[in-house]
Amino acid sequence: MKYLLSAFLFSLLSLLNGDQKEYYWQQRVDYHMDVNLYDSLRQLAGKSIIKYVNNSPDSLDYIYMHLYPNAFQEGSVKYREYLKNFGRASRAKYFKQKLKGFTSKIKVHDFNISKDGEPVLKRYSIDDTILKASLNQKLAPNEILRIDLSWTHHVGEMVERAGYYGGQYNMAQWYPKIAVYDEQGWHPDVFHAEGEFYGEFGNFEVNFDLPASFIVCASGVVIDGDP
(Lines give C-alpha, C1' and ligand atoms only; values in the text may rest on other atoms or scores of the structure.)
Protein backbone atom coordinates (compact mmCIF):
# COMPACT_ATOMS: atom_id res chain seq x y z
CA MET A 1 0.00 0.00 0.00
CA LYS A 2 2.81 2.39 0.83
CA TYR A 3 4.41 1.65 -2.51
CA LEU A 4 1.20 2.32 -4.42
CA LEU A 5 0.66 5.62 -2.64
CA SER A 6 4.24 6.72 -3.31
CA ALA A 7 3.87 5.82 -6.97
CA PHE A 8 0.67 7.85 -7.19
CA LEU A 9 2.28 10.90 -5.61
CA PHE A 10 5.28 10.58 -7.89
CA SER A 11 3.06 10.48 -10.96
CA LEU A 12 1.10 13.48 -9.76
CA LEU A 13 4.23 15.51 -9.08
CA SER A 14 5.63 14.52 -12.44
CA LEU A 15 2.53 15.92 -14.11
CA LEU A 16 2.69 19.12 -12.12
CA ASN A 17 6.36 19.69 -12.82
CA GLY A 18 6.31 18.53 -16.44
CA ASP A 19 6.85 20.64 -19.52
CA GLN A 20 3.57 22.51 -19.83
CA LYS A 21 3.16 23.50 -23.46
CA GLU A 22 -0.30 24.94 -22.84
CA TYR A 23 -1.31 27.47 -20.24
CA TYR A 24 -4.66 28.47 -18.84
CA TRP A 25 -6.07 31.85 -19.80
CA GLN A 26 -9.39 33.58 -19.37
CA GLN A 27 -10.76 36.79 -20.81
CA ARG A 28 -11.58 39.65 -18.45
CA VAL A 29 -14.70 41.78 -18.76
CA ASP A 30 -15.35 44.73 -16.42
CA TYR A 31 -18.72 46.50 -16.48
CA HIS A 32 -19.69 50.00 -15.40
CA MET A 33 -23.44 50.56 -15.71
CA ASP A 34 -25.79 53.44 -14.92
CA VAL A 35 -29.35 52.14 -14.77
CA ASN A 36 -32.64 54.01 -14.32
CA LEU A 37 -35.92 52.29 -13.51
CA TYR A 38 -39.04 53.84 -15.02
CA ASP A 39 -41.67 51.98 -13.05
CA SER A 40 -44.67 53.45 -14.88
CA LEU A 41 -43.25 52.08 -18.15
CA ARG A 42 -41.73 48.93 -16.64
CA GLN A 43 -38.47 49.79 -18.29
CA LEU A 44 -34.81 49.86 -17.36
CA ALA A 45 -32.78 52.47 -19.22
CA GLY A 46 -29.08 51.69 -19.09
CA LYS A 47 -25.72 52.99 -20.18
CA SER A 48 -22.86 50.50 -20.17
CA ILE A 49 -19.11 50.97 -20.44
CA ILE A 50 -17.36 47.62 -20.83
CA LYS A 51 -13.63 47.02 -20.63
CA TYR A 52 -12.74 43.87 -22.56
CA VAL A 53 -9.23 42.48 -22.05
CA ASN A 54 -8.02 39.91 -24.58
CA ASN A 55 -5.98 37.48 -22.49
CA SER A 56 -6.17 34.83 -25.20
CA PRO A 57 -3.31 33.98 -27.61
CA ASP A 58 -5.64 34.81 -30.53
CA SER A 59 -6.43 37.98 -32.47
CA LEU A 60 -10.15 38.70 -32.53
CA ASP A 61 -12.09 40.36 -35.32
CA TYR A 62 -15.57 39.95 -33.81
CA ILE A 63 -17.25 40.64 -30.49
CA TYR A 64 -20.46 38.90 -29.45
CA MET A 65 -22.97 39.93 -26.80
CA HIS A 66 -26.03 38.30 -25.26
CA LEU A 67 -29.38 40.10 -25.17
CA TYR A 68 -31.18 37.38 -23.23
CA PRO A 69 -34.50 39.20 -22.67
CA ASN A 70 -35.12 39.09 -26.44
CA ALA A 71 -35.96 35.39 -26.06
CA PHE A 72 -39.34 36.34 -24.55
CA GLN A 73 -40.88 37.40 -27.84
CA GLU A 74 -42.95 35.62 -30.44
CA GLY A 75 -40.76 34.01 -33.09
CA SER A 76 -37.59 33.72 -30.99
CA VAL A 77 -35.62 30.48 -30.91
CA LYS A 78 -36.82 29.86 -27.37
CA TYR A 79 -40.43 30.52 -28.46
CA ARG A 80 -40.20 28.10 -31.40
CA GLU A 81 -38.62 25.38 -29.26
CA TYR A 82 -41.34 25.61 -26.63
CA LEU A 83 -44.01 25.34 -29.34
CA LYS A 84 -42.31 22.09 -30.43
CA ASN A 85 -42.61 20.83 -26.83
CA PHE A 86 -38.95 21.17 -25.93
CA GLY A 87 -38.29 22.26 -22.38
CA ARG A 88 -40.49 22.28 -19.30
CA ALA A 89 -44.25 22.37 -19.73
CA SER A 90 -44.63 24.80 -16.82
CA ARG A 91 -42.57 27.35 -18.71
CA ALA A 92 -43.79 26.49 -22.19
CA LYS A 93 -47.36 27.48 -21.31
CA TYR A 94 -46.50 31.19 -21.38
CA PHE A 95 -45.12 30.87 -24.89
CA LYS A 96 -48.00 28.74 -26.12
CA GLN A 97 -50.34 31.48 -24.92
CA LYS A 98 -48.49 33.93 -27.19
CA LEU A 99 -46.66 35.61 -24.30
CA LYS A 100 -49.53 38.01 -23.75
CA GLY A 101 -48.27 40.42 -21.10
CA PHE A 102 -45.00 38.51 -20.76
CA THR A 103 -43.05 39.96 -23.69
CA SER A 104 -39.59 41.22 -22.80
CA LYS A 105 -36.88 42.74 -24.95
CA ILE A 106 -33.72 44.85 -25.04
CA LYS A 107 -33.41 47.68 -27.54
CA VAL A 108 -29.90 48.96 -28.25
CA HIS A 109 -29.89 52.70 -29.02
CA ASP A 110 -26.18 53.46 -29.39
CA PHE A 111 -23.27 51.08 -29.79
CA ASN A 112 -19.59 51.92 -30.16
CA ILE A 113 -16.28 50.10 -29.78
CA SER A 114 -12.90 51.80 -29.45
CA LYS A 115 -9.27 50.80 -28.92
CA ASP A 116 -6.73 53.27 -27.57
CA GLY A 117 -9.30 56.02 -28.04
CA GLU A 118 -9.89 55.25 -31.73
CA PRO A 119 -13.16 53.79 -33.09
CA VAL A 120 -12.79 50.22 -34.37
CA LEU A 121 -16.42 49.19 -34.93
CA LYS A 122 -17.13 48.27 -38.54
CA ARG A 123 -20.77 47.22 -38.14
CA TYR A 124 -23.08 45.32 -35.82
CA SER A 125 -26.27 43.32 -36.16
CA ILE A 126 -28.76 41.68 -33.80
CA ASP A 127 -30.28 38.27 -34.41
CA ASP A 128 -32.57 36.82 -31.74
CA THR A 129 -30.60 37.12 -28.47
CA ILE A 130 -27.17 37.69 -30.05
CA LEU A 131 -25.47 40.95 -31.01
CA LYS A 132 -22.56 40.46 -33.40
CA ALA A 133 -20.05 43.28 -33.90
CA SER A 134 -17.27 43.19 -36.49
CA LEU A 135 -14.08 45.17 -35.98
CA ASN A 136 -12.18 47.12 -38.63
CA GLN A 137 -8.92 46.02 -37.01
CA LYS A 138 -8.21 42.90 -35.01
CA LEU A 139 -7.87 42.89 -31.25
CA ALA A 140 -4.44 41.37 -30.62
CA PRO A 141 -3.45 39.41 -27.50
CA ASN A 142 -3.12 41.63 -24.40
CA GLU A 143 -4.99 44.50 -26.06
CA ILE A 144 -8.06 46.15 -24.56
CA LEU A 145 -11.36 47.26 -26.07
CA ARG A 146 -13.82 49.78 -24.68
CA ILE A 147 -17.46 49.11 -25.55
CA ASP A 148 -20.03 51.88 -25.01
CA LEU A 149 -23.74 51.27 -25.42
CA SER A 150 -27.05 52.67 -24.28
CA TRP A 151 -30.03 50.37 -24.09
CA THR A 152 -33.60 49.96 -22.87
CA HIS A 153 -34.95 46.78 -21.33
CA HIS A 154 -38.73 46.43 -21.43
CA VAL A 155 -39.67 44.13 -18.55
CA GLY A 156 -42.60 41.77 -19.03
CA GLU A 157 -44.54 39.82 -16.43
CA MET A 158 -42.64 37.17 -14.46
CA VAL A 159 -41.57 34.15 -16.52
CA GLU A 160 -38.98 31.65 -15.36
CA ARG A 161 -36.44 33.65 -13.31
CA ALA A 162 -37.17 37.17 -14.44
CA GLY A 163 -39.92 39.73 -14.82
CA TYR A 164 -42.37 41.93 -12.95
CA TYR A 165 -44.57 40.42 -10.28
CA GLY A 166 -46.51 41.94 -7.38
CA GLY A 167 -44.75 45.29 -7.44
CA GLN A 168 -41.24 43.92 -7.66
CA TYR A 169 -38.74 43.36 -10.44
CA ASN A 170 -36.89 40.04 -10.42
CA MET A 171 -33.96 40.45 -12.74
CA ALA A 172 -31.79 37.65 -14.14
CA GLN A 173 -29.50 38.02 -17.18
CA TRP A 174 -31.07 41.45 -17.63
CA TYR A 175 -28.23 43.52 -19.12
CA PRO A 176 -26.27 43.30 -22.41
CA LYS A 177 -23.63 40.70 -21.57
CA ILE A 178 -20.41 39.80 -23.39
CA ALA A 179 -20.32 36.23 -24.70
CA VAL A 180 -17.49 33.92 -23.65
CA TYR A 181 -14.39 33.44 -25.74
CA ASP A 182 -12.32 30.44 -24.62
CA GLU A 183 -9.95 27.86 -26.12
CA GLN A 184 -12.82 26.61 -28.30
CA GLY A 185 -13.59 30.08 -29.65
CA TRP A 186 -16.67 32.23 -29.22
CA HIS A 187 -19.84 30.88 -27.58
CA PRO A 188 -22.62 33.04 -29.05
CA ASP A 189 -25.33 30.58 -28.03
CA VAL A 190 -28.91 31.82 -28.21
CA PHE A 191 -31.27 31.46 -25.25
CA HIS A 192 -32.77 27.99 -25.75
CA ALA A 193 -35.76 26.35 -24.08
CA GLU A 194 -33.33 24.42 -21.88
CA GLY A 195 -29.73 25.19 -21.08
CA GLU A 196 -27.43 27.01 -18.71
CA PHE A 197 -25.52 30.28 -18.75
CA TYR A 198 -21.81 30.75 -19.42
CA GLY A 199 -20.11 34.04 -18.57
CA GLU A 200 -16.76 35.75 -18.21
CA PHE A 201 -15.34 36.97 -14.91
CA GLY A 202 -14.77 40.64 -14.08
CA ASN A 203 -15.79 43.54 -11.87
CA PHE A 204 -19.22 45.17 -11.84
CA GLU A 205 -19.87 48.75 -10.77
CA VAL A 206 -23.58 49.50 -11.11
CA ASN A 207 -25.39 52.71 -10.20
CA PHE A 208 -29.16 52.38 -9.81
CA ASP A 209 -31.57 55.33 -9.91
CA LEU A 210 -34.90 54.08 -8.57
CA PRO A 211 -38.16 55.48 -7.21
CA ALA A 212 -37.87 56.04 -3.47
CA SER A 213 -40.34 53.25 -2.71
CA PHE A 214 -38.01 50.54 -4.06
CA ILE A 215 -35.35 48.57 -2.21
CA VAL A 216 -32.46 46.95 -4.08
CA CYS A 217 -31.67 43.35 -3.11
CA ALA A 218 -28.52 42.14 -4.84
CA SER A 219 -25.10 40.59 -4.39
CA GLY A 220 -22.08 42.84 -4.09
CA VAL A 221 -21.21 45.69 -1.74
CA VAL A 222 -22.99 49.03 -1.44
CA ILE A 223 -20.45 51.81 -2.01
CA ASP A 224 -22.81 54.80 -2.11
CA GLY A 225 -26.38 55.52 -1.06
CA ASP A 226 -28.56 53.82 1.54
CA PRO A 227 -27.17 50.34 2.33
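The values are calculated or read from the model by the stated rules, or taken from the named source; none is laboratory data. Quantities reported herein were computed from a predicted structural model and do not represent experimental measurements. Every residue, glycine as well, gets a Cβ built from its backbone with ideal geometry; the counts of neighbours run over all protein chains shown. All accessible areas refer to the heavy atoms of the entire protein, side chains included, with ligands and DNA or RNA removed. Shrake-Rupley method; radii C 1.70, N 1.55, O 1.52, S 1.80 Å.
For this structure, a couple of remarks:
- Residue tally, condition of a type outside the set (D, E, K, R), touching a residue at least 40 places away in the same chain (Cβ under 8 Å) and part of a loop (DSSP other than H, G, I, E, B), over region 42-75: 7
- Options Phe204, Phe191, Phe197; residue that is closer than 24 Å to Ala133 by Cα, open to solvent by 100 Å² or more (accessible area, probe 1.4 Å) and within 18 Å of the chain's Cα centre (by Cα): Phe204
- Looking only at region 89-111, and only at residues there that are more than 28 Å from Ser48 (Cβ to Cβ) and among the hydrophobic types (A, V, I, L, M, F, W, C), the one that is surrounded by the fewest Cβ atoms within 10 Å (Cβ to Cβ): Ala89
- Segments classed as strands (runs of 3 or more DSSP E), wholly inside region 78-168, with at least 1 members that are within 25 Å of Gly202 (Cβ to Cβ) and in contact (Cβ under 8 Å) with a residue 40 or more places away in the chain: 105-115, 121-127, 130-139, 144-154
- Just one of the listed residues (Val120, Val180) is over 17 Å from the mean Cα position of the chain (by Cα) and of a type outside the set (D, E, K, R), namely Val120.
- Restricting the first member to region 20-37 and to residues that are small (Gly, Ala, Ser) and modelled with pLDDT of 95 or more, and the second to residues that are part of a strand (DSSP E or B) and exposed (fewer than 14 other Cβ atoms within 10 Å of the Cβ), no beta-carbon pair is closer than 7 Å while six or more apart or on different chains.
- Count of region 169-201 residues which are at positive phi and without any contact (Cβ under 8 Å) to a residue 12 or more places away in the chain: 2
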